[in-house]
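Here the structure is laid out as structure tokens; the discussion comes afterwards.
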Amino acid sequence: MKNIIGVALRLAVLATGLLCAAAASAQGWQQERLPTPVAQALRAAAIAPAHVALVVQEVGARLPRISHNADRSMNPASVMKLVTTYAALELLGPAYTWRTEVYADGTVDNGVLTGDLVLRGSGDPKLTLENFWLLLRRLRERGIRDIRGDLVLDRSLFAPLAHDPAAFDQEPLRPYNVGPDALLLNYKTVRLQFVPDGTKNIVTVTAEPHPPQLDLVNLLRLSDGPCHDWRADLRVDALPTAGGARLVLTGSYPAACGEHQRHFSLLEHGQYVLGVFRQLWEELGGRLQGGLREGPVPATAQLVTVAQSPALAEIVRDVNKFSNNVMARQLLLTLGAERVRQPAQPQDGELAVRAWLLDKGLSFPELVLDNGSGLSRAARISADSLARLLVAAYRSPVMPEFIASLPVVAVDGTMKKRVTDKSVAGHAHIKSGTLEGVRAIAGYVLDRRGRRQVVVFLVNHANAAAAQPAQDALLQCVFERAC
């Protein structure tokens, strides 16, 4: 009798095990299957499921409810900024600020500085033209008008980087290719304003700022006809000059386009700072007799005034809402500088981020942070790692600042024009990423039941540009709780 009971028990345990195994197998199959609208959109884009990775997980859940190729190492494009900005918020704190300091190395008498003026940068990602003007205005209020020496730049907080703005995509004038600098000013860009004048049959072009080293040559013709892609008929050639650049504009500009603007990066960091300083200083009634030198603040110099940056919580909003690459790179180098207290390099920032991840119990062995901005062909992370990062961020004290920094779908930032005709509009905070052959989204969807869902969708494929409908379909599907 005991043997019969024992056999029956063993058979029951075996049957239960088989049922559990079958259930687990079915669950695994469900997790790997793509939602129908997503699969259909990918099929229409000729993108095989093998080239995408996807995770959907409720923030309070232990496991994802949808997972596809989640552990595959992939290029995330600008979605990598999520790692950099979350790390910065936790390691530096939302109230962290940068200081740009102005020193006088010499004597000041009756408005004349007999000596040098020294600017020391601390890596401020948002030292804009307006903030720099206010700094120089305060300098004038301190009684300095005529500088008889040089403008000296202390850029020593970050190690000198061999940055080639043409290396990534052969577009050296584009602002997204600007390299980081301890004394980054106005993102090192010049804004050109195009103003058509039909009565005079001309196109006026103004530059802001307009450093003296920039020679702007306007050969544009005003044209008739509709305004389509006005940039297509505009040719821009940048030619180096002694200590500056000549920008030549040729082609045509349709009068029907009205006013437009474009931003360009034209000068080396030091020359840009010198040129903008000269322009603004002279507008304020000042004079700089000397030239440009580089070096640390001398021990004999006296602090005159300081520009304080906005708080980090505001900085990360600009980084993520508008996917600002150079600001993200400044953040990574700042993390490195805070860690090593010496001229920082990107690898110092990456080591700081890796140590922080390990402290949080997050192991991302596939992570290649590179420059921290996602403007990289080498950067790598998995959808699973991004999802776990987003779950951890939701449980973090800096969660409000982090989520508020992400673009709101169909409302603002880089997601302003996405899914404007869908019910998910306004119900998701999503960071997007775009490179040739890469389309990525990651963030949070607040679904119809008021539950927050983490969503990650990475595409690495030659047809990735056609993947947006599939990603939008996932956002809508998650919001409706239909997948």
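At the residue level, residue 274 shows approximately 20 square angstrom of accessible surface with a 1.4 angstrom probe and all protein chains present. If you take all other residues with their beta carbon under 12 Å from the beta carbon of residue 438, and give Lys and Arg +1 and Asp and Glu -1, the sum is +2. Size of the stretch 113-265: Rg and Dmax of its alpha carbons, in Å, are 18.7, 58.
Starting from the Cα-Cα distance between residue 161 and residue 404, subtract it from 0.36 nm times their residue separation and give me the gain in nm to one decimal. Here the segment from residue 161 to residue 404 would lengthen by 84.3 nm. Computed over the chain, the per-residue total of -39500 (n - 2.57) for DSSP H runs of n ≥ 4 gives a 222 nm mean residue ellipticity of -10000 deg cm²/dmol, rounded to 500. In plain terms, the chain from residue 421 to residue 146 could stretch by 93.1 nm, reckoned as 0.36 nm per residue minus the Cα-Cα distance. What the phi angles of the stretch 168-181 give under the Karplus curve with 6.51, -1.76 and 1.60, with θ = phi - 60°, is a coupling list of 6, 9, 6, 10, x, 8, 6, x, 5, 9, 5, x, x, 6 Hz, glycine and proline written as x.
Take the Cβ atoms of residue 481 and residue 43, set R0 to 30 Å, and the FRET efficiency comes out at 0.80. Projecting the Cα atoms of 107, 119, 410 onto the charge dipole of the chain (Cβ charges, centred on the Cα centre) puts 410 farthest toward the positive pole. Just to confirm a number: summing +1 for Lys and Arg and -1 for Asp and Glu over residues other than residue 112 whose beta-carbon lies under 9 angstrom from that of residue 112, what do you get? Net of charged neighbours comes to 0.
Here the stretch 226-365 yields Rg over Rh of 1.06, to two decimals, using C-alpha coordinates and the Kirkwood radius.
Given the pairs 188/321; 126/417; 81/126; 81/416, which span a C-alpha to C-alpha distance of over 23 angstrom in this model? Pairs exceeding 23 Å: 126/417.
Computed over the chain, the convex hull of the alpha-carbon atoms projects to a mean area of 29.6 nm².
Close amide H pairs (under 5 Å, H built 1.01 Å from N) link residue 382 with 74, residues at least 5 positions away or on another chain. Summarised as an ellipsoid, the stretch 320-366 has semi-axes of 19, 16, 8 Å, derived from the eigenvalues of the Cα gyration tensor scaled by 5 and square-rooted, with the largest first. Volume per residue for the stretch 310-453 equals 125 cubic angstrom (convex hull of Cα atoms).
Between the amide H of residue 437 and those of 464, 465, distances stay under 5 Å, these residues lying 5 or more places away or on another chain, with hydrogens modeled in the peptide plane. Considering the stretch 374-454 at the alpha-carbon level, its Rg and Dmax are found to be 13.2, 39 Å. Here the stretch 64-135 and the stretch 390-447 have alpha carbon centers that stand 23 Å from each other. Net length available on complete extension from residue 293 to residue 65 is 76.2 nm, with 0.36 nm assigned per residue and the Cα-Cα distance removed. In order along the stretch 330-341, phi translates into HN-Hα couplings of 4, 4, 4, 5, 5, 4, x, 5, 5, 7, 9, 6 Hz, rounded to whole numbers, per the Karplus curve 6.51 cos²θ - 1.76 cosθ + 1.60 with θ = phi - 60° and x for Gly and Pro. Taken per residue, the accessible surface of the stretch 31-101 reaches 38 Å², heavy atoms only and a 1.4 Å probe. Where both bridge residues fall in the chain, DSSP classifies roughly 75% of the beta bridges as antiparallel.
Over the C-alpha trace of the stretch 35-136, radius of gyration and Dmax come out as 25.4, 77 angstrom.
Using a simple spin-label model with pseudo-atoms 7 Å out from Cα toward Cβ, residue 114 and residue 250 lie 5.3 nm apart.
The values are calculated or read from the model by the stated rules, or taken from the named source; none is laboratory data. Quick caveat, the model's predicted, so the values are computed rather than measured. Heads up, the Cβs are rebuilt from the backbone with ideal geometry, glycines too, and the neighbour counts pull from every protein chain shown. Calculation scope for accessible area: heavy atoms of the full protein, side chains included, ligands and nucleic acids excluded. Shrake-Rupley method; radii C 1.70, N 1.55, O 1.52, S 1.80 Å.
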